[in-house]
Amino acid sequence: MTLRTTNLTTYHGRVRGIDGINLVVNPGEIISIIGANGAGKSTLLGTISGIYKPTEGEVFYNDISLTGVKSHKVVEQGISLVPEGRQIFSNLTVKENLVLGMYFKYRKEKQIITTKIDRMIEMFPGLQKHMNSIAGTLSGGEQQMLAIARALMSDPKVILLDEPSMGLAPLIVKEILDIMKQIRDEFGAMVILVEQNVKAALSVADRAYVMDRGKFFLEGRANELIQNPLVQSTYLGYTEKVI
């Protein structure tokens, strides 16, 4: 069950957001996509998840083409997006947000909602005391945990995370990175992590792609890329190679 894209190109109006992207994610992998603002990272995740329709190329999951498939149908295929900025339903309770995460399974699996929510509380214990709280009243870190938990309610096999550490304290960032590993190990899910915190992204990933102006220009093992002089000077602020 591999996720791959071939020559994927998406425009926003006349602007080319991504240009000829070839991506492969294998079972059990955490893949990081790094790059500056405007590099096309979010457009790539949006195209994979069906939010944007590509003008060229294809998205395949388990050798089935998802090109042009509506976003809610992509979720049904086992691919969930945790969007940039969390985008929780701020006027609903935490519990209601979680239930909406399995909306397409609601009728068939209504009887196991409590079991699924208990699983999320086990993974994100900080949410337990907020189950009946309005989601918009949670802290930034708690909202991010809720956004990830909501995505996991659908039992995805691929989870796409767009800037999950944005605006969060370092301690919360570390917790989120640990959760990435837990998602892979306990859910057996492939993880695609888009992140501007390059050091953090490379520390948790198996492989990584470096993106600029809609294209990949570097790819490889994460532990090798973090030693790459260009990555160090451009994204990590190092002027000399780290030993």
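Since every read-out is calculated from the coordinates, none of them should be taken as a lab result. These numbers were taken from a predicted model, which means no experiment stands behind them. Reconstructed Cβ throughout: ideal geometry from the backbone, glycine too, with neighbour counts over all protein chains shown.
Against the main long axis of the alpha-carbon atoms of the chain, helix 170-187 sits at an angle near 80°. Of the cross-linked pairs K53/K95; K53/K174; K73/K174; K95/K157; K53/K105, those separated by over 29 Å at the C-alpha level are K53/K95; K53/K174; K73/K174. Phi angles of segment 208-220 translate, via the Karplus equation with coefficients 6.51, -1.76, 1.60 and θ = phi - 60°, into HN-Hα couplings of 8, 10, 9, 10, 8, 6, x, 10, 7, 10, 8, 7, x Hz per residue; Gly and Pro are given as x. Across the chain, the relative contact order, built from alpha-carbon pairs under 8 Å that are at least six residues apart, equals 26 percent. Residues whose amide H lies under 5 Å from that of I18, counting only those 5 or more places away or on a different chain, are T10; hydrogens are built 1.01 Å from N in the peptide plane. Between 0 and 90 degrees, the angle of helix 113-123 with respect to the longest Cα principal axis of the chain falls at about 50 degrees. A simple spin-label model places the labels of L92 and Q196 2.8 nm from each other, with each point 7 Å out along Cα-to-Cβ.
Residue by residue, segment 9-14 carries 3J(HN,Hα) couplings of 9, 9, 9, 10, x, 9 Hz when phi is fed to the Karplus relation 6.51 cos²θ - 1.76 cosθ + 1.60 (θ = phi - 60°); x denotes Gly or Pro.
Computing Rg and the Kirkwood Rh from the Cα coordinates of the chain gives a ratio, Rg/Rh, of 0.97. With neighbours defined as other Cβ atoms within 10 Å of a residue's Cβ, the residues L225, L177, L218, L161 order from fewest to most as L218, L177, L225, L161.
The residues packed around R16, meaning those with a beta-carbon under 11 Å from its beta-carbon, carry a net charge of +1 if Lys and Arg are +1 and Asp and Glu are -1. Karplus-based coupling profile of segment 92-98, in residue order and whole Hz: 9, 6, 4, 4, 5, 4, 5, with θ = phi - 60° in 6.51 cos²θ - 1.76 cosθ + 1.60 and x standing for Gly or Pro.
By count of other Cβ within 10 Å, fewest leading, how are H130, H12 ordered?
Exposure proxy ranking, most exposed first: H12, H130.
Rounded to the nearest 10 degrees, the inclination of helix 140-152 to the longest alpha-carbon principal axis of the chain is 80 degrees. Annotation: the residues M145, M102, M123, sorted from fewest to most other C-beta atoms within 10 Å of their own C-beta, follow the order M123, M102, M145.
A cut-off of 5 Å between modelled amide H atoms, ignoring neighbours fewer than 5 places along the same chain, links R207 with I30, S32, A222. Sequence-distant contacts, meaning Cα pairs under 8 Å at least 6 residues apart, place the relative contact order of segment 84-155 at 54 percent.
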